[in-house]
Amino acid sequence: MRTHFCSHLNSHHTDQTVTLYGWIDRRRDHGGVVFLDLRDRSGIVQVVSDPQRTPASYTQAAELRHESVVKVQGRVTQRPPDSLNPRLASGEIEVYADSLELLNGLGRPLPFGVSVHEAETVREELRLKYRYLDLRAARMSHNLQLRHRVVKTLRRYLEDVEGFLEVETPILTRSTPEGARDYLVPSRVNPGEWFALPQSPQLFKQLLMVAGYERYYQVARCFRDEDLRADRQPEFTQLDLEMSFLTQEEVMDLNEGLIVHLFKEIKGIDLPRPFKRLTYAQAMDRYGSDKPDTRYGLELVDVSGLLVGCGFKVFTEAIAQGGLVKVLPVPGGNETLSNVRIKPGGDLFKVAQEAGAKGLAYLRVRAGGEIDTIGALRDNLTPEQKRQLLTQTGAEPGDLLLFAAGPAPQVHKTLDRLRQYIARELGLIDPDLINLLWVTDFPMFEWNDGEQRLESLHHPFTAPYPEDVHDLKSARAQAYDLVYNGLEIGGGSLRIYQPELQRRVFDTIGISEETARDKFGFLLEAFEYGSPPHGGIAYGLDRLVMLLAGEESIRDVIAFPKTQQARCLLTEAPAGVDPKQLRELQVTSTHRPKIPGDASRTP
């Protein structure tokens, strides 16, 4: 039987006989003595085979290949002082192999090197195709073990400190309007009817509050059929919480305790409390984003009031149409950001254009407060407007001012993108700094231009502030997002628990009474039986672990992720199915593969 894991061995085990199992990470032959790095889940230990001391294992050791699976029996020996390896947990010792047993070798060449010593860069597509090999590598092993520790820490705190109860909610449920596109599952035993995979456990956790469970949590699998990015997956995991009889302040305070505990246990960092807070309006005004990265400055300045009467057409038209003119001041920007980069073809212009801007106006502050910009802007600013512009933005000689003009959402999106890009370019971001921020008081609704209607900014079960219920269209939501260095890691709200108010919200976003009764009748009925006030939050567990691991993609903290095309390269899913299965489900595919040269056959 195995006696120890590899990296658990140290000088306290000297002279003990041990049995180890694992993979050969690396083999080195030094003048007749063979050194093997044996790797298991815990890490690496050095195994030695010497023709004099361990002749029984020597022939086998000389023939082993990388990634062979072996059993080792041997004696733990203190390493000589000049060969200690502080980079290994087992670096004080080595194991002299009395016997080596090959359990399984390689039947084909490795598609890429697995050992930490093989520093080749492997394409992500190849890593995902052979994910079981990629998961052997030190990076992925570290990330998955970190993920385990994060979940373990969260569970223990919620259960042992805050008294939460873990409850599993259904995976097969019904499709409901609002939110992202559902993944649908046809029902064989109920022909013509469909399940949906849950986008979140939202309705069930609210029903658990009606049922009196008061403090629920779940490490929940969720599914959304949406366009993907580096930090999105079609199936993902969230830490889901719901609580009864707590105010918004109490919910946020409880969650601060949870996050502070997590960082202390996982990173050894003492986070200060309370976390900084901004309202949605403040965040948009100062940063152009509802999830701002506050590790650096570069705050926006609204100069719409100052420029109402200026003669620069781009600005005056934007203001006249109800839009904004805002400035992103860049201290010292004259030195590093040239005109070529701001004008068409330049990288800053491209960033603004990709955000939807038609152009990028700028102004440079020279010595003595003189300004340097395009003639159309310079000639249409009065001396007083120039002076006020420098005063409002706090600009000094050497600074660069970048302007965006137009509808507020477009202005904010443009300057937010520029702000982030420039901060990276100028090295303004301290990678060791951790800024956690609550963003609160979101609008209840936002306008959907495509559908010409209001839609919920979070979801239609979010409660408005009591003082705003008289006019729901302009109401503020009792909602709160937790932002970590510019990325949202959690979002929640107090919920509606009165059926009449819930019906009013449905009506505001265009869900008819008939549709509400059909899709949400069970929830509305439950509210009639003594629903308590309640609220909750959900954390994107994949994204949180990604940030704690210092990775840039959640695919690197998920064991078997999908690509950005929502495909599994390992199993080649999704894939076709036997026509018999479709007949049993009474489902027919309307997809027709495109045939080259045949314009009538389209996907």
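Couple of notes before you dig in:
- Cα-based values for region 367-461, radius of gyration first and Dmax second, are 19.0, 56 Å.
- Against the chain, whose longest principal axis comes from its Cα atoms, helix 248-267 is set at around 30 degrees.
- Rounded to two decimals, the Cα radius of gyration of region 126-250 over 2.2 N^0.38 Å is 1.29.
- Given Lys350/Lys386; Lys413/Lys562; Lys264/Lys326; Lys326/Lys562; Lys276/Lys413; Lys267/Lys326, the pairs whose alpha carbons are separated by over 32 Å: Lys264/Lys326; Lys326/Lys562; Lys267/Lys326
- If only the Cβ of Lys and Arg carry +1 and only the Cβ of Asp and Glu carry -1, the dipole of the chain around its Cα centre is close to 1580 debye.
- Evaluated at q = 0.18, 0.21, 0.32 Å⁻¹: base-10 log I(q)/I(0), Debye formula over Cα of region 440-486: -0.56, -0.71, -1.15
- Note on the chain: antiparallel DSSP beta bridges, both residues inside, total approximately 90 percent of the bridges counted.
- Degrees, to the nearest 10: 383-393 long Cα axis against longest axis of the chain: 30
- Charge dipole (the chain, unit charges on Cβ, about Cα centre) - positive-most of Ala62, Leu110, Gln233: Ala62
- Alpha-carbon geometry of region 241-357: the Rg and the Dmax are 20.6, 59 Å, given in that order.
- Sequence ranges 207-218, 466-477, ranked by mean other-Cβ count within 10 angstrom, highest first: 207-218, 466-477
- Given in Å, the Rg to one decimal and the Dmax to the nearest whole number for the Cα atoms of region 8-68 are 11.7, 31.
- Global form of region 504-568, assessed from the alpha-carbon gyration tensor, a/c cut-off 1.5: prolate
- Two-decimal log10 I(q)/I(0) for region 90-176, as the Debye equation yields it once each C-alpha is a single scatterer, q = 0.17, 0.18, 0.22, 0.25 Å⁻¹: -0.98, -1.01, -1.13, -1.23
- Computed over the alpha-carbon atoms, the chain gives an Rg to Rh ratio of 1.04, Rh here being the Kirkwood radius from the mean inverse distance.
- Note that the chain presents 50 Å² accessible area per residue, ligands and nucleic acids not counted, probe 1.4 Å.
- R0 of 35 Å, Cβ-Cβ distance Arg79-Tyr183: FRET efficiency to nearest 0.05: 0.05
- Positive-end residue of Ala318, Ala479, Phe275, charge dipole of the chain with Cβ unit charges: Ala318
- Adding -39500 (n - 2.57) for every DSSP H run of four residues or longer, then dividing by how many residues the chain holds, sets the calculated 222 nm ellipticity at -8500 deg cm²/dmol.
- Quarter of the Cα convex hull surface for region 49-141, i.e. its orientation-mean projected area (nm²): 7.4
- Projecting the Cα atoms of Ile429, Ala367, Thr508 onto the charge dipole of region 360-513 (Cβ charges, centred on the Cα centre) puts Ala367 farthest toward the positive pole.
- Distance in nm between pseudo-label sites at Leu271 and Leu570 (7 Å out along the Cβ direction from Cα): 3.0
- Lys, Arg +1 and Asp, Glu -1 on Cβ, resulting dipole of region 453-603 about Cα centre, debye, nearest 20: 620
The values are calculated or read from the model by the stated rules, or taken from the named source; none is laboratory data. Computed from a predicted model, the values in this text were never measured in an experiment. Positions of Cβ are generated from backbone atoms using ideal geometry, with glycine treated the same way; all protein chains shown enter the neighbour counts. Areas reflect the complete protein model, heavy atoms only, side chains present, ligands, DNA and RNA absent. Shrake-Rupley method; radii C 1.70, N 1.55, O 1.52, S 1.80 Å.
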